[in-house]
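Since the structure comes first, as structure tokens, the remarks are kept for the end.
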Amino acid sequence: MVIDTLAEDPLDLAYSRSTLPSLWSDAPTGSTAEQWAQAWRRRRTQLVDALGATVYGVTPAGGGLRSSTLISECAALGGTALRREYELTVEGPRGTHTFDLLLHLPAGVRGPVPVFLGLNFNGNQATTSEPGLRVDTARRSEAVVEHEPGGRGVRVIDRVVLDANAPIGSDAEMWPAREIVKRGYGLATAHNSQIEEDRPFDRAPGVGSLFGDDAGWGVVGMWAWGLSRALDALELAPDVDAHAVIGVGHSRLGKAALWAAAQDERFVAAVSNDSGCAGASLFRHPGGESLASIAEVFPHWFISTLRDYAGREAELPVDQHQLLASIAPRAVHVASATEDRWADPRGEFLAVVHSSRLFQSFGARALLPGDASPGMDVCPSTAVRIPTPDPGTSVGDRLSYHLRAGSHRMVAEDWAHFLDFADRILTP
Ligand code: GTR
């Protein structure tokens, strides 16, 4: 990889200890690999706790999957896939809630298969062009916003409520199941708003209601909890390899996929597509959506105190390279798109760069110059600038990144990189 000379933006300097919170509060020195790995296990728990306390809210304990009921099963995709729909009932201290899980598996395979598991925006029926799926009634709202001229600030003018009954196949481009099963993987998806409606106010009871209004977690955390319950259900399917489930998501649902994988070590890996602010992108990187803006437009996504850091990002006790790192020693792939300035591709790549030494200590290919020492998260050499990879290329292996030419979407080209990533990390 080509290394530039110093950049002006201090965050662009790889491993600048002064500008980003450290991956280690106290890096272990002189330890054996096993002692070091143990120290990381403790540290990653601290990081997950800090991310919960600062960004997403703390996920309440005491709930789980009560049952998974098969409601339909048929051949699909021209006979190349087996399609199943399950109704999941989840429970918490205050009751139960149900949502549907759609699963496509490669037809006729012997043995359990690895599966991508991700939430969708508009209902399971929107993810496939083939009819016959149940349609739920969950709603979401989209904010109508006014952008501050030339700045990163926004003001909410109105909120428009959208029904979930999107046409069959309207999001099929985002979920290329035919290609996924052809490569030997399964694809599981559930509708985010059926888990918890994507609206700041007047939400129908979802998984949040299982724990009560004072539980203090945000809706991204509730979606992440739903992903873990979907994984509980996949564990019950004998033809799914539950040790090879990769959490995946686009945009707000990429934030949820990362947060789910950070908390739930059963996910073998996470894939984030254009997840941006409070996803893969660094809060401290001055680009794209600001913390002030996201807290104004989507107050329901996070813990309410996150907005206290608006304009004071430098004081945040955490940043998102720690979210990526907290998934280690498991694997992470981050995807950005050139025209998706709102998600801040450079800020996303820098989060990858700033977590890479940690992944390297666990055996990932180096993204940075210099020797990796276990436990080190600061580059020993002079700060360097690492250019964002060219569009169309992927860098790294167990921690990897690609930039697609184009806009804020998740498309076949992204999936080609996700599938290559899965092959890399799952092939012995
Ligand atoms: C935007 C939001 C982003 C991103 C996106 C999406 O409006 O500002 O953080 O999550 O929505 O989910 O499509």
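None of the figures in this text is laboratory data; all of them are computed from the coordinates on show. Since the structure is predicted, the reported quantities are computational estimates derived from the model, not experimental observations. Note that each Cβ is placed from the backbone with ideal geometry, even for glycine, and that neighbours are counted across all protein chains shown.
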Q) Applying the Karplus parametrisation 6.51 cos²θ - 1.76 cosθ + 1.60 with θ = phi - 60° to the phi angles of the range 313-318, what ³J(HN,Hα) value in whole Hz is obtained for each residue in order, glycine and proline being reported as x? A) 4, 4, 8, 4, x, 10
Q) Would you list Met410, Met222 from fewest to most Cβ contacts within 10 Å? A) Met410, Met222
Q | Among Pro391, Ser170, His321 - extreme Cα towards positive end, dipole of the chain, charges at beta-carbon | A | His321
Q) For the chain, modelled as a Gaussian network with Cα springs under 10 Å, which listed residue fluctuates most, Gly396, Gly184, Gly108? A) Gly108
(Q) If each DSSP helix of 4+ residues adds -39,500 (n - 2.57) and the sum is divided by the residues in the chain, what number results at 222 nm, nearest 500 deg cm²/dmol? (A) -7500 deg cm²/dmol
Q | In order through the range 64-77: 3J(HN,Hα) via Karplus (6.51 cos²θ - 1.76 cosθ + 1.60), integer Hz, x for Gly, Pro | A | x, 7, 8, 7, 10, 10, 6, 10, 7, 8, 7, 6, 9, 6
Q.
Restricting to Cα pairs below 8 Å that are 6+ residues apart, what does the relative contact order work out to for the chain? Please round to a whole percent.
A. 19
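Assuming a viscosity of 1.567 mPa s and a temperature of 4 °C, what translational diffusion coefficient in µm² per second does Stokes-Einstein assign to the range 126-168, Rh being the Kirkwood radius over Cα pairs? Spell out each step's value before the answer.
On the way: Rh = 13.0 Å.
Answer from the Stokes-Einstein relation: 100 µm²/s.
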Q: For the range 98-204, just say rounded, prolate or oblate: build the C-alpha gyration tensor, square-root its eigenvalues into a ≥ b ≥ c, call rounded for a/c under 1.5, and beyond that prolate if a/b exceeds b/c, oblate if not.
A: prolate
Q) Counting DSSP beta bridges in the chain, what percent are antiparallel, to the nearest 5? A) 55
**Q.** Most mobile listed residue (Ala405, Ala242, Ala278) in the chain, GNM with C-alpha springs under 10 Å
**A.** Ala405
Q | Among 169-177, 344-352, the order from most to least packed when residues are scored by Cβ within 10 Å on average | A | 344-352, 169-177
Q. Using the 10 angstrom Cβ neighbour count as an exposure proxy, how do Val48, Val115 rank, fewest first?
A. Val48, Val115
(Q) Restricting to Cα pairs below 8 Å that are 6+ residues apart, what does the relative contact order work out to for the range 110-188? Please round to a whole percent. (A) 41
Q. Between the range 202-226 and the range 63-124, what is the C-alpha centre distance in whole Å?
A. 21
Q. Which residue, Arg357, Arg341, Arg41, tops the fluctuation ranking in a GNM of the chain built on C-alpha contacts under 10 Å?
A. Arg41
Q.
Quick check: from the Cα gyration tensor, does the range 160-287 come out rounded (a/c under 1.5), prolate or oblate?
A. rounded
Q | Interchain or long-range residues, amide H under 5 Å from Asp100's placed H | A | Leu88, His191
Q. Just the Cα atoms of the chain, one point each, no solvent: what log10 I(q)/I(0) does Debye give at q = 0.11, 0.14 Å⁻¹?
A. -0.79, -1.32
